[in-house]
1. Quick check, is residue 149 open to solvent by less than 10 Å² (accessible area, probe 1.4 Å) and not polar (S, T, N, Q)?
2. Could you run through the stretch 131-171 and say how many residues are assigned to a helix (DSSP H, G or I), under 16 Å from residue 92 (Cα atoms) and charged (D, E, K, R)?
3. Name the pairs whose Cβ atoms lie under 6 Å apart, with the first residue in the stretch 16-36 and touching a residue at least 60 places away in the same chain (Cβ under 8 Å) and surrounded by fewer than 20 Cβ atoms within 10 Å (Cβ to Cβ), the second basic (Lys, Arg) and in a helix (DSSP H, G or I), and 6 or more positions between them or separate chains?
4. Would you check if residue 121 is in a loop (DSSP other than H, G, I, E, B), of a type in the set (D, E, K, R) and surrounded by fewer than 16 Cβ atoms within 10 Å (Cβ to Cβ)?
5. Cβ contacts < 7 Å: first residue in contact (Cβ under 8 Å) with a residue 60 or more places away in the chain and under 14 Å from residue 152 (Cα atoms), restricted to the stretch 117-132; second residue assigned to a helix (DSSP H, G or I) and open to solvent by less than 70 Å² (accessible area, probe 1.4 Å), any location; separation 6+ or different chain. Result?
6. Just the residues that are touching a Lys or Arg at 6+ places or on another chain (Cβ under 7 Å) and among the hydroxyl-bearing types (Ser, Thr, Tyr), please, taken from the stretch 197-235.
7. Of the residues 43, 8, which single one is part of a loop (DSSP other than H, G, I, E, B), buried (at least 17 other Cβ atoms within 10 Å of the Cβ) and in contact (Cβ under 8 Å) with a residue 40 or more places away in the chain?
8. Output the residues belonging to the stretch 229-243 that are open to solvent by 70 Å² or more (accessible area, probe 1.4 Å) and more than 26 Å from residue 76 (Cβ to Cβ).
Amino acid sequence: MDIGFALPVSGSWATPDNVVEIAETAEKLGYSTLWTYQRLLYPEGTKLSSVYESVLDPVTVLGFAAAVTTRIRLGTAIVNLPFQSPAVLGKQFATLDVLSKGRLEAGLGLGWAQEEFTAADAEYTRRGARGDEFIAAIRAVWGPDPVEFDGDFYTIPRSKILPKPVQQPHPPIFLGGIAKPALDRTGRVADGWISSSGADLSTLADPIERVKSAARAAGRDPDALRFVCRGVIRDTNRNGPLTGTPEQIRADLPDLAAQGMTETFLDLNFDPTIGNPRADPAESMRRAREILEGLAPTG
């Protein structure tokens, strides 16, 4: 199982210097990937965790990290596809793939916060159908010119759209989501699945099998799919999987692999003692260095 690491994107530790340090150190230590996530806004009066208050843009952060790394792959986990058109996001992702020399992992989701849909002037209804069509359209953007797409939700006039991604026929597409239709969609049309920040890490085998079953039904090879666990680390005390000391966390990783995960990335952004605007950035980086060094890949 590959091991990745989440870049600092939430709260006070999400600074330029810290992004550079984590990116460079993770690459030097042999981590396979760096990951970001998207949150547009923090609604007034919300009961959401403080880790959502201040979040850097995911694609911009990966572009910043691309400039100081050469090998490690760069993933979004996730970008909400309804918030922009396939042509706009396709261009952003292609640009990142070009500038990183082919290191993009394109993680997409449907979104869930209605306030964000309102702010993005996006339709909340029929998100699943829009998601299916969005993926077809973004693949068209990345495909041969001239590009032309005419769907129920998205239209791209016959055009040349350059540059194309370095990775061909396209960068890997991962989907998030835990609902049965989302898992079925992943099996039908995506290259892999990414678990959520709130996932029960003891029951990941079930959604993985659902994705694989959908792939088989669609005539696809389920063994070609990749399964990425967002390994949320929230507590320095032992309190469930991926908590405690680096040694205790490392001991949990084989179980994730046994359930079918092909990669786990370690994510400190969802720890409210780290990923909120009032956290002590120095203490956050002390903990991040402890995890980053203590869980460095060994093989």
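1. So residue 149 fails the test.
2. 1
3. none
4. yes
5. none
6. Selection gives 197 alone.
7. Values: 43 fails: buried (at least 17 other Cβ atoms within 10 Å of the Cβ).
Criteria check complete, one pass: 8.
8. Step one: filter the stretch 229-243 for residues open to solvent by 70 Å² or more (accessible area, probe 1.4 Å), giving 234, 236-239, 241.
236, 237, 238, 239 - these are the residues of the stretch 229-243 that are open to solvent by 70 Å² or more (accessible area, probe 1.4 Å) and more than 26 Å from residue 76 (Cβ to Cβ).
The values are calculated or read from the model by the stated rules, or taken from the named source; none is laboratory data. Computed from a predicted structure; not experimentally measured. Every residue, glycine among them, receives a Cβ derived from its backbone with ideal geometry; neighbour counts consider all protein chains shown. Just so you know, the surface numbers come from the protein's heavy atoms only, side chains and all, with ligands and any DNA or RNA stripped out. Shrake-Rupley method; radii C 1.70, N 1.55, O 1.52, S 1.80 Å.
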